[in-house]
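Working notes, beginning with the structure itself.
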Amino acid sequence: MSNSAVEATYKSKDTEEWLDIHFTRPIGYVLARFFGALNVHPNVVTVISIFLGVFAGFCWYHTTMDWTVLGIAMLMLANFLDSADGQLARMTGKKTLWGRLLDGFAGDTWFASIYIFLVFRLMYEPMPFFDGRIWGVWIWIIEFFSSLVFHSRQASLADYYRNVYLLFHGDHAELNDSRELAAEQAVTPWKERWFWKIGLFFYTGYTRSQEKMTPQFQNFRSAVREKYGDAIPSDLGQEFCRRTFRFLKWTNISTFNTRAIVLYVTLLIGQPWIYFIFELTVMNVIFFCMRHGHEKVCREMTEKL
C-alpha cells in the first residue's frame, strides 16, 4: 500500500488531520479495497457504520470497563468505515448526493445514540461537588444544549467551511445551494421518489442553516458568481485559501477526532459528564472564533471585489 494510492482517495490533503493521514485513512483505504473487491456500494458501508455507532452508544449505557472498551472499539470501527465509504466512492466514481446525505446522517445518528444512552446512564448517578445529589433532570438540560443546540451547529459549520475551502481550492467540494436543493425537492414526485423527496427536504434545511450562519460568505459567494460565474479565477481561489487555511485546524477539531478522544478519556475514567462540559465550553469558544475569523475574511474580500 503506497502513500500515493491512499492520498489519491483524499478530498484534499490540506483538509486532512494528522491522525487521519497516519491512522484513519490508511485503515479506511484497506477497508475500501476490501469492499470494492466484493462490489459493495459505498452507501452500504455507510449503513453498516450507522449500526456500529448506535451500538457504541448502547455500550456506554453500561458502566463496566469491558462495555466501555467495546464501545470505543465499535465507534472507532464505525469511523474507519465512515472514512472507507468516501474513499471507496472516490475510487469507484460512485459519488452521489445520496451518499452525501447518508454520510451526514451517519454521524448525527452516532452522536444521538451516544448522548441518549449517556443521559440515561447519568440520570441516577451523583453529581460531583454536590454531596451525593443525583443529576436527574439537569443532565437532560445539559444534554439538550450540548447536542441539539451546540454540537449540531459546530459540526455543521465545520463541514461547511471544509467544503468552502475545497471549492476555492478546486478539489472535491460538496458545497450545495439550498435554493437549488429546494427547487429539486419541489419538482421531485411523491409517488415515484417519495424517499428521495423527504431526504431532500431535510438536507435543504441543513444546508439553509449553514448558509444562515455564514452571511458574509454568502455575500462573497454571490459577488464572485456575479462577476465570474461558476469559474473561480485561480488567483482569487489561491488568495481565499491562503487567508482561510489557518481556520482548517479549528474545523478539524470541530468534527470527529478531538470529540472522540475526549469522549474516550472521560469514559475510561468513569466521568462522561465532563464530555458535555467540554462540548459547552471549549468547543463553543472554537466555534465562535472560527466563525468570526472566517466571516471577517469574507467581508474583506467582498469589499475588494
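The values are calculated or read from the model by the stated rules, or taken from the named source; none is laboratory data. These figures come from a predicted structure and were not determined experimentally. Note that each Cβ is placed from the backbone with ideal geometry, even for glycine, and that neighbours are counted across all protein chains shown.
Taken over region 282-305, the residue count meeting the criterion of being within 19 Å of the chain's Cα centre (by Cα) and loosely packed, with under 14 Cβ neighbours inside 10 Å is 4. Inclusion of Leu248 among residues that are in a helix (DSSP H, G or I) and more than 30 Å from Met65 (Cα to Cα) is warranted. The lone criterion from (1) at pLDDT below 95; (2) under 16 Å from the mean Cα position of the chain (by Cα) left unmet by Leu81 is number (1). Looking across region 137-171 at every residue that is among the small types (Gly, Ala, Ser) and surrounded by 21 or more Cβ atoms within 10 Å (Cβ to Cβ), the one that is nearest to the chain's Cα centre (by Cα) is identified as Ala155. Here Gln210 clears all of (1) farther than 20 Å from Phe245 by Cα; (2) in contact (Cβ under 8 Å) with a residue 24 or more places away in the chain; (3) of a type outside the set (Asp, Glu) except the condition numbered (1). Taking region 182-199 as the range and being touching a residue at least 60 places away in the same chain (Cβ under 8 Å) and either within 18 Å of the chain's Cα centre (by Cα) or not in a helix (DSSP H, G or I) (or both) as the test, only Gly199 passes.
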